[in-house]
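Report on the following structure.
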Amino acid sequence: MKTTMMVVALWLAFSHAQASNTAPTRSFTTDWLCDNGRVLRFNAHPLYPGVQAQLTYIGSRVEVFGTPSSSSGTRYESKDGKVVWHRNGDEGQLTFDPLLTEPITCKLQPPSRPSGKTPPKK
């Protein structure tokens, strides 16, 4: 009986410790309205702006990586160099070869769900 109680106590302690260490990595997705009326969706970890991120534009999702920028802001570039996203505050510039013939400017859109709460039923 004593052994069974010890096994149960150890199992409970282990399962609690394991659950507290498995918090999901939070990502940060923002939508940007571009000059041509299209939306760019950018997904990156908020604490690590200079690492891997995903950019989706006109249905094409591209993996981009933070690169050093000589100017202010944060610059992301695809491995092949065809996609470049340079963000500075609430504005950014997108180069996307071959989808765009020239770079376009995009502006940050406010979140679509500001409170995250569902409205009460009437």
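The values are calculated or read from the model by the stated rules, or taken from the named source; none is laboratory data. Quantities reported herein were computed from a predicted structural model and do not represent experimental measurements. Quick reminder, even Gly has a Cβ in these numbers, built from the backbone with ideal geometry, and neighbours come from all protein chains shown.
Considering (1) of a type in the set (Val, Ile, Thr); (2) modelled with pLDDT of 90 or more; (3) surrounded by 10 or more Cβ atoms within 10 Å (Cβ to Cβ), the lone condition that THR101 does not fulfil carries the number (3).
Taking the range 57-96 as the region of interest, how many residues are assigned to a loop (DSSP other than H, G, I, E, B) and loosely packed, with under 13 Cβ neighbours inside 10 Å?
To start, the set of residues in the range 57-96 that are assigned to a loop (DSSP other than H, G, I, E, B) comprises 58-59, 68-73, 78-82, 89-90.
Then drop every residue that is not loosely packed, with under 13 Cβ neighbours inside 10 Å, which leaves 58-59, 68, 70-72, 79-81, 89-90.
Total satisfying the criteria: 11.
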